[in-house]
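Chemist: My questions will all concern the structure given below.
The values are calculated or read from the model by the stated rules, or taken from the named source; none is laboratory data. Just so it is clear, the structure is predicted and the values come from calculations on it, not from any experiment. When we count neighbours, we look across all protein chains shown, and the Cβ atoms used for this are built from the backbone with ideal geometry, even at glycine. Areas reflect the complete protein model, heavy atoms only, side chains present, ligands, DNA and RNA absent. Shrake-Rupley method; radii C 1.70, N 1.55, O 1.52, S 1.80 Å.
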Amino acid sequence: MPEAPAEKLPVVVLLGRPNVGKSTLFNRLIRSNRAITHDMPGVTRDRMEGIVRRKGQPSFAVIDTGGITLDAHAGVAEGPEGIRGFEAHILAQADAALATAAAVALVVDGRAGLLPLDEHLAAHVRRKGLPTLCVVNKVDGAEHEDEQVAEFHALGFPLLAVSAEHGHHMPALAEDLAALVSREGAELAAPPEAPALRLAMLGRPNAGKSSLVNALAGEERMIVSDVAGTTRDSVDVRFTRGGRDYVFVDTAGVRRRTRIEDSVEKYSVNAAIKSTTKADVTVLVLDVAEGVSQQDKRLIDMLDTRRIPFLICLNKCDLVPRGQLDAAKKRVDEILAFCRYVPVLPVSAHTGKGLDAILPMAEEIKRECGVRVPTGQLNRAMEAALTRHQPPVVRRSRAKFFYMTQAESEPPTFVFFVNDADRVPESYVRYLERTLREMFGIKHAPMRIHLRSSHKKRGE
């Protein structure tokens with residue numbers, strides 16, 4: 001089982017019914033648009049974590065939760081369409097967050113006034129015995145405070161009127177929450193160190209990304225459902241294994257753009273694609289039971305074209321006979337014809353098969369991405385490659401290679417200086433890549449090769 005992170009900040013949980021503005025508050029507090037915000041209720045389902053930092057104040061963690069509609073006692077209320085069927089899961093995620101909390105920010109809607117659901121949640125929070133601040137959101141200025149805040153005094157918590165949308169009283173909110181956790185004697189540790197590895201989960205809806213995250217993290221951190229599109233936000237899940245910290249970014253399922261009609265899904269997909277550029281390695285999850293689709297091929301092409309480090313997990317391999325699994329592997333091999341460096345791992349989130357191979361392979365890919373090769377070794381490698389296989393004759397002459405350099409790493413990028421780059425065909429560039437991979441031990445990381453026309457050798 002993964003151990004808990006060794007170093008934690010005190011946690012404040014944002015709690016409230018749907019559409020009171022918790023995700024907008026979360027984004028304001030962490031000063032980043034990480035949570036998807038939308039007028040449609042029920043957009044947030046999983047819990048999201050961030051860190052609040054203000055100059056001169058202790059840092060603390062904040063957790064955004066989905067809108068809760070269930071009566072804490074009876075479980076009878078039905079949520080809006082966006083979360084219908086997920087109400088119990090969202091409540092369980094919120095309670096899991098409360099179990100780690102030092103304090104609670106109970107968020108209510110000042111425009112809508114005090115509703116029975118607010119009272120149910122207040123009673124639920126009181127039973128937890130945590131210090132609580134009632135945050136009356138959507139109060140757009142001091143002139144509205146007395147009118148819109150008055151009835152919330154009945155909840156019995158200290159009050160603060162804010163407007164997450166317009167930034168009204170947001171510095172005061174950060175200060176009050178920091179003071180709330182400080183008063184409780186929480187150990188105000190420094191923010192956790194950067195993880196050893198940050199991995200983005202990518203794939204079509206219902207491929208099993210959240211199930212894989214839960215299996216690797218050793219807890220039900222993400223809501224899992226047969227309903228495609230359950231995950232909407234790109235959610236960071238931090239855990240420790242073997243004394244090393246990891247962060248998985250679970251993302252929304254990516255469908256073809258022509259099939260995306262929901263504006264929330266559009267934001268989710270954009271966030272998913274963006275997450276791949278911020279991760280060390282992307283884990284592309286394919287549903288082997290459904291077969292490899294054209295959308296899977298598009299995602300592979302995108303990752304390869306952008307030279308994003310990635311590996312492929314053929315998930316649900318326990319659900320298919322051996323012949324179907326072999327056929328899926330063959331299909332993936334065909335798609336990977338021009339990027340055979342990408343590792344393919346058959347796994348099962350349900351049985352745990354193959355899961356132990358994911359993190360070591362991702363670590364190896366990250367290590368290879370950081371490879372730096374000395375200049376002398378580079379040019380010896382170039383001479384060896386040219387001697388083994390000369391450039392082909394193009395328009396009655398061969399291209400002349402003068403020297404090469406490594407322009408950057410992450411991923412390794414090599415530049416060949418030649419007399420005429422147009423005389424070097426793509427097939428020869430692929431040969432050079434294969435040769436450099438063999439010589440430098442870069443088996444699974446992406447690699448860039450550029451040709452630059454120059455009529456002078458180095459030193460001339």
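Chemist: Could you work out how much longer the chain between THR100 and ARG448 gets when fully extended? Use 0.36 nm per residue separation minus the Cα distance between them, nm to one decimal.
Modeler: Taking 0.36 nm per residue and subtracting the Cα distance, the gain is 120.8 nm.
Chemist: Using each residue's phi in segment 410-420, evaluate 6.51 cos²θ - 1.76 cosθ + 1.60 at θ = phi - 60° and report the 3J(HN,Hα) Karplus result to the nearest Hz, with x for Gly and Pro.
Modeler: 6, x, x, 10, 10, 10, 9, 9, 10, 6, 8
Chemist: Return the long-range amide H neighbours of PHE60 (sequence gap of 5 or more, or a different chain), with a cut-off of under 5 Å between placed amide H atoms.
Modeler: Those qualifying (amide H under 5 Å, at least 5 residues apart or on another chain) are VAL52.
Chemist: If DNA, RNA and ligands are ignored and the probe is 1.4 Å, what is the ranking of ILE30, ILE90 by accessible area, most exposed first?
Modeler: ILE30, ILE90
Chemist: Pop a pseudo-label 7 angstrom from the Cα along the beta-carbon direction at both HIS350 and THR405 and give the gap in nm to one decimal.
Modeler: 5.5
Chemist: Can you put THR405, THR132 in order of accessible area, largest first, using a 1.4 Å probe?
Modeler: Putting THR405, THR132 in descending order of accessible area: THR405, THR132.
Chemist: Fully extended, how many nm does the chain gain between ALA384 and ASP326 (0.36 nm per residue separation, minus their Cα-Cα distance)?
Modeler: 17.1 nm
Chemist: Rounded to a whole number, what % of the accessible area of segment 88-180 do carbon and sulfur atoms account for, probe 1.4 Å?
Modeler: On segment 88-180, the fraction of accessible area on carbon and sulfur atoms equals 54 percent.
Chemist: Express in Å², to the nearest 10, the accessible area of GLU119 obtained by rolling a 1.4 Å probe over the protein heavy atoms while all chains stay in place.
Modeler: 90
Chemist: Segment 307-415: Rg/Rh from Cα coordinates, Kirkwood Rh?
Modeler: 1.13
Chemist: Right, next: Within the set of other residues whose C-beta is less than 11 Å from the C-beta of VAL394, count the net charge using Lys and Arg as +1 and Asp and Glu as -1.
Modeler: Around VAL394, the surrounding residues sum to +2.
Chemist: With every protein chain present, what is the per residue accessible area of segment 353-448 (1.4 Å probe, Å²)?
Modeler: For segment 353-448, the solvent-accessible area averages 50 Å² per residue.
Chemist: Further question on the same structure: For every other residue with a beta carbon closer than 15 angstrom to the beta carbon of ARG372, add +1 if it is Lys or Arg and -1 if Asp or Glu, then tell me the sum.
Modeler: For residues surrounding ARG372, the net value is 0.
Chemist: Another one. Compute, for ASP304, the solvent-accessible surface of its heavy atoms (probe 1.4 Å) with the complete set of protein chains present, and express it in square angstrom to the nearest 10.
Modeler: Surface open to solvent at ASP304 totals about 30 Å².
Chemist: Only Lys, Arg, Asp and Glu count, each charged at its Cβ (+1, +1, -1, -1), so figure out the dipole size of segment 95-172 about its Cα centre, rounded to 20 debye.
Modeler: 460
Chemist: Can you give me the % of accessible surface on segment 298-453 that is carbon or sulfur? Probe 1.4 Å, all protein chains present, nothing else counted.
Modeler: On segment 298-453, the fraction of accessible area on carbon and sulfur atoms equals 48 percent.
Chemist: Let me ask another. From the backbone phi of segment 288-304, what are the Karplus-calculated ³J(HN,Hα) couplings (6.51 cos²θ - 1.76 cosθ + 1.60, θ = phi - 60°) in whole Hz, Gly and Pro given as x?
Modeler: Result, rounded to whole Hz: 5, 5, 8, x, 7, 9, 5, 5, 4, 4, 4, 5, 4, 4, 5, 5, 5.
Chemist: Continuing with this model, one more query. Figure the gain on full extension for GLU143 and VAL429 (residue separation times 0.36 nm, minus the Cα-Cα span) and round it to one decimal in nm.
Modeler: Residue separation times 0.36 nm, minus the Cα-Cα distance, leaves 96.1 nm.
Chemist: For a quick check of understanding: with a 1.4 angstrom probe and all protein chains in place, what accessible area in square angstrom does HIS144 have, to the nearest ten?
Modeler: 70
Chemist: If you plug each phi of segment 117-134 into the Karplus form 6.51 cos²θ - 1.76 cosθ + 1.60 with θ = phi - 60°, what whole-Hz ³J(HN,Hα) values come out, in order, with x for Gly and Pro?
Modeler: Couplings: 5, 4, 5, 4, 5, 4, 5, 4, 5, 4, 5, 6, x, 9, x, 9, 10, 8 Hz.
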